[in-house]
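If you scroll down you'll find the structure; I have some questions about it.
What follows is calculated from the coordinates using simple rules that are stated; it is not laboratory data. All of these numbers come straight from a predicted model, not from anything done at the bench. Glycine also receives a Cβ, built like all others from the backbone with ideal geometry; neighbour counts cover every protein chain displayed.
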Number of protein chains: 2
Amino acid sequence: MERTPPHPEVSAFDLQLVLEALVDPVRRSIVTQLAVTGEDRACGTFDLPVSKSTATHHFKVLREAGLIRQYYVGTSRMNALRRTDMDQAFPGLLDALTTPRAVAR
Amino acid sequence: MERTPPHPEVSAFDLQLVLEALVDPVRRSIVTQLAVTGEDRACGTFDLPVSKSTATHHFKVLREAGLIRQYYVGTSRMNALRRTDMDQAFPGLLDALTTPRAVAR
């Protein structure tokens, strides 16, 4: 059974989808938390003001836009920021949105 | 009579408002057209796939987010990209979104 959900290739990244993902403050918070720690994290370890099912939806939107990669370790669904891929497709975008200065606004 | 509409100060720029402005493809197109030409332009000179009244709304959203400055020259409402202000508030964001590479996606 294939448990790894589908991910877009870098060549299929779409700026509209990426911005639609990042315009949501909860989803932007997930990206920022991944950027700040620099480590892959299980879904349950994020500090989010939404229910588990809503969070699952947000992770899915981020994955489908190409912002995160999801994979399983045992029963934990892990999330990795696709920084290299994003930097390749949209140089500077992640940096601009995840600096402490931007986040504070 | 004051004909210049209100504009936010840089200190009041809000990333959420800026992203809500930029997530719309028509508004992003206005910003890109201003960035590419590097000149202030009257509302009527933009190549936009919407009605005049809809375009007016889009210009207003961009102005209220701090992305453009609007002023009158005679009866023409001019639009200027607030690049310096945006670069100060969110370094790299405009560059990331208005490069030909990003626009092509």
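Considering only residues that are surrounded by fewer than 18 Cβ atoms within 10 Å (Cβ to Cβ), of a type in the set (A, V, I, L, M, F, W, C) and under 13 Å from the mean Cα position of the chain (by Cα), which ones fall in the stretch A:62-81?
A:Met78, A:Ala80
For the stretch A:63-94, what are the residues that are without any contact (Cβ under 8 Å) to a residue 40 or more places away in the chain and part of a strand (DSSP E or B)?
Those that are without any contact (Cβ under 8 Å) to a residue 40 or more places away in the chain and part of a strand (DSSP E or B): A:Ile68, A:Val73, A:Ser76, A:Arg77, A:Met78.
Would you tally the residues in the stretch B:9-62 being within 14 Å of another protein chain (Cβ to nearest Cβ) and either outside any helix (DSSP H, G or I) or β-branched (Val, Ile, Thr) (or both)?
11
If I ask for residues that are over 12 Å from the mean Cα position of the chain (by Cα) and not polar (S, T, N, Q), which ones from the stretch A:8-18 would you list?
Across the stretch A:8-18, the qualifying residues are A:Pro8, A:Glu9, A:Val10, A:Ala12, A:Phe13, A:Asp14, A:Leu15, A:Leu17.
A:Val23: farther than 14 Å from A:Arg63 by Cβ and either acidic (Asp, Glu) or touching a helix residue (DSSP H, G or I) at 6+ places or on another chain (Cβ under 6 Å) (or both), yes or no?
Answer is yes for this residue.
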